[in-house]
Amino acid sequence: MSEEKRPLRVVIVDDETPARSRLKELLADCAVELPLSIAGEAASGPAAIELLAAEPADVVLLDVRMPEMDGIEVAQHLQKLERPPAVVFATAYDAYAIRAFEVHAVDYLLKPIRLARLKEALARALAAPRPEVLSAIARAARTHLSVQERGKIHLIPVKDVIFLKAELKYVTVRTAAREYLIEEALTKLEEEFGERFVRAHRNCLVARAAVRGFERAMKDGEAHWEVLLNGVEERIAVSRRQQHIVREFGKV
């Protein structure tokens, strides 16, 4: 089948069953004029990411307001896929958000969704939003980090991260269970998660909640502070510039 004749593969993501049912009915009507197939549906952000990593799609109809992970964050994680789907947001709220989507050329559907509007959105869906656009319109820090491993996207809850350490062009994400490597800038992570993490030295951020104390240690004949962390044996050196955190935490 040629690329022109291949049905558009669409995934529906909404935490409300009636909303997903309504979209399926509308898509069935759209299919009369536009060849398409429903590749799957999901009721949460993490489920959507897992589905789309396993079943590539052309378009994802993505609810904005969902518990656990909102649609904007889902769209950001989907950019890790080899072929990210075009994203069409759906929202029943917030005129400001709608204006932001329009300015950044991200299509949206305002609930209750009309058939004519859905047809228009599908016709424009080939221009997927760029990752930097999604970052620009995100209004809150992500709840998860993500990494692609062996064709799958692994979600790492930010609350489980013990430290973030920059190494060459990667950042090591350390949890109690294991390490991950992500391609993000440590400075950008600090800007996004500054309330949750504190800088111990130039190349490392530690989770405030994981700090259990500090100890003096010797290196090259000089004494310095090290951070003791819950969940891992590794100690993180505190640079001279960041020694104020020892006083701030008061866990000596």
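Every number here is computed from the coordinates shown, using simple stated rules; none is lab data. Being a predicted model, the structure only gives us computed values, none of them experimental. Positions of Cβ are backbone-derived with ideal geometry, glycine not excepted, and every protein chain shown enters the neighbour counts.
Some notes on this structure:
- When only Cα pairs below 8 angstrom with a gap of at least 6 residues are kept, the stretch 1-74 shows a relative contact order of 40 percent.
- For the chain, the share of alpha carbon pairs falling in successive 5 Å distance bins from zero is 1, 6, 13, 15, 15, 12, 10, 8, 7, 5, 4, 2, 1, 1, 0, 0 percent.
- Set Lys152/Lys188; Lys24/Lys188; Lys24/Lys159; Lys111/Lys169; Lys111/Lys165; Lys119/Lys188 screened for pairs whose C-alpha atoms are more than 31 Å apart: Lys24/Lys188; Lys24/Lys159; Lys111/Lys169; Lys111/Lys165; Lys119/Lys188
- Student exercise, the chain dipole from Lys, Arg, Asp, Glu Cβ charges, in Debye to nearest 20: 600
- Value of [θ]222 nm, deg cm²/dmol, for the chain, DSSP H segments ≥ 4, -39500 (n - 2.57) each, nearest 500: -8000 deg cm²/dmol
- Calculated FRET value between Leu110 and Ala209, using beta carbons and R₀ = 41 Å, to 0.05: 0.60
- Sorting the segments 48-54, 217-223 by their residues' average number of neighbouring beta-carbon atoms within 10 angstrom, most packed first, yields 48-54, 217-223.
- On the basis of the beta-carbon distance and an R0 of 30 Å, Arg150 and Ala176 show a calculated FRET efficiency of 0.85.
- Listing Leu23, Leu186 from fewest to most neighbouring C-beta atoms within 10 Å gives Leu186, Leu23.
- Inter-centroid distance (Cα atoms) of the stretch 1-67 relative to the stretch 148-207, Å: 31
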